[in-house]
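The values are calculated or read from the model by the stated rules, or taken from the named source; none is laboratory data. Because the structure is a prediction, the values reported are computed rather than measured. Here the Cβ is made from the backbone with ideal geometry for all residues, glycine too, and neighbour counts use every protein chain on show. Quick note on the areas: whole protein, heavy atoms, side chains included, nothing else; ligands and nucleic acids left out. Shrake-Rupley method; radii C 1.70, N 1.55, O 1.52, S 1.80 Å.
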Amino acid sequence: DEPWRRLLELPAGYVLGGTPVANYSAQAGDVQALHYAAGEDLLVVGGAGGALRLWRGGDNTLYGGGQAVAAISAITFVPSKREIVVATEDGRMVFMQVWDRGVIGEIQENAAGRIVTAAVYVEYGDDVANYAEIASASADNTIKLWDATSRARQRRLVGHTRPVLTLAFYSVDGVLASGGFDGFLGLWRMPRATRVATRRQCTGRKRFLTVTYSARDCMEAAIEVGGQYFSLGLLDGSFPNSCELEQGDCSELMDSPYTLYRIQDSGLHMLSAHDGAIRALESLPDLRLLASAGDDGFVKFWAPTAGTLAFTVDALRGTAVLALLYVQSERALIAGTAESAVYFDAVSGDLLKTIPRAGDAAVFSYV
């Protein structure tokens, strides 16, 4: 009855407990994606037929359902807007309201209509604004970030050489982690703008970018052209503001009616992490670690900002790990394989318990 032993497993069409706490009939065909919206206390389940089912965690009752048309491959949630984001196998991301599961918009994630393999909600802030974005990945080897409100693409992260399979957000330092078929672990720092000085600019050449009322629009314009410094100031003494890319020497500043910002580069680390595909990533924020696992069976613990390996657990060597879940209250990491769910102490890496598979299908996802 210990809370951390309440494992959610995914046999075809069902969500079962490792030591059963509840048995939900998904009525959605094979279950392919799960997400728990903590603020709503809702378990969201997506099926191969495109069906969506929601259960209340408190009383295990069916809250409702919806239809995303195509087979569902991933699910995430935007808390501030109370919107479910459903990724599909035909290359779309569908936005649905919690209260009636009505479709309110969609994004064509990739032009080829190929499966969206992962989607995760990303939230961070800087001296310019607070950001709420959806990170997505697909078979084109890239990660894309979309504004959660406008649904416009903000940026594209390039570095993997094969399709990206999994994403996780390490909120402590605003680092997005990615893993895929190439066995590389991507650690991407979300671009942030730091205010360097007011009424000052860099000496040297400048390039006019745009006229805008928004410092965020100015930053996005600077990121688009690969800039590191940008300045925002009054145009002829009145609104709107002039946005300029600083192309000169920024070691020295000069007086100016502008505010100067520096952009923190989104590139951080691209690490050769596993022999074979990386199938699962999980953030351990209280331990300041990130876990990765995949086809080689190793579970590796990383310091995300530094990009260094903290330690490796090899108890499952040679057995593909398909899913990871961290239970912070118990500091336990659960690894799911085709045959079992394995509990590790996330601090020491010691094996705590193994629970054999309770159905006819492998474990692919946890919440």
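Here are the numbers:
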| quantity | calculated |
| --- | --- |
| Listed peptides 85-94, 311-320 by packing density, highest first (mean Cβ within 10 Å) | 85-94, 311-320 |
| Solvent-accessible surface ranking, highest first, for SER138, SER251, SER171, SER73 at 1.4 angstrom | SER251, SER171, SER73, SER138 |
| For segment 80-157: rounded, prolate or oblate by the Cα gyration tensor [a/c cutoff 1.5] | oblate |
| Fraction of accessible area attributable to carbon and sulfur, segment 193-263 (%, probe 1.4 Å) | 46 |
| Per-residue ³J(HN,Hα) for segment 177-182, Karplus 6.51 cos²θ - 1.76 cosθ + 1.60, θ = phi - 60°, Hz, x for Gly and Pro | 9, 9, x, x, 5, 7 |
| Rounded to 10°, Cα long-axis angle of helix 215-224 versus longest principal axis of the chain | 80 |
| For THR117, distant residues with modelled amide H under 5 Å away | ALA137, SER138, ALA139 |
| Probe 1.4 Å, accessible area per residue of the chain, Å² | 42 |
| Gyration tensor verdict on the chain (Cα atoms; rounded if a/c is under 1.5, prolate if a/b is larger than b/c, oblate otherwise) | prolate |
| Long-range amide H partners of GLU106 with built H, under 5 Å | PHE95 |
| Residue among GLY46, TYR229, GLY180 farthest towards the positive dipole end of the chain, charges placed on Cβ | TYR229 |
| ³J(HN,Hα) computed for each position of segment 150-165 - Karplus, 6.51 cos²θ - 1.76 cosθ + 1.60, integer Hz, glycine/proline x | 7, 6, 7, 6, 8, 6, 10, 9, 10, x, 6, 9, 9, x, 7, 9 |
| Shape category assigned to segment 127-259 from the gyration tensor of Cα positions, a/c cut at 1.5 | prolate |
| Fraction of beta bridges assigned by DSSP in the chain that are antiparallel (%, nearest 5) | 100 |
| Whole-Hz ³J(HN,Hα) from phi, Karplus 6.51 cos²θ - 1.76 cosθ + 1.60, for segment 58-71, glycine and proline x | x, 10, 6, 9, 6, 8, x, x, x, 9, 9, 6, 8, 4 |
| Surface accessible to a 1.4 Å probe, MET96 within the full protein complex, Å² | 0 |
| Debye intensity ratio I(q)/I(0), log10, segment 116-181, q values 0.14, 0.20, 0.27, 0.28 Å⁻¹ (C-alpha model) | -0.39, -0.76, -1.22, -1.27 |
| ALA332 long-range amide H proximity, modeled H, under 5 Å | VAL327, ALA346 |
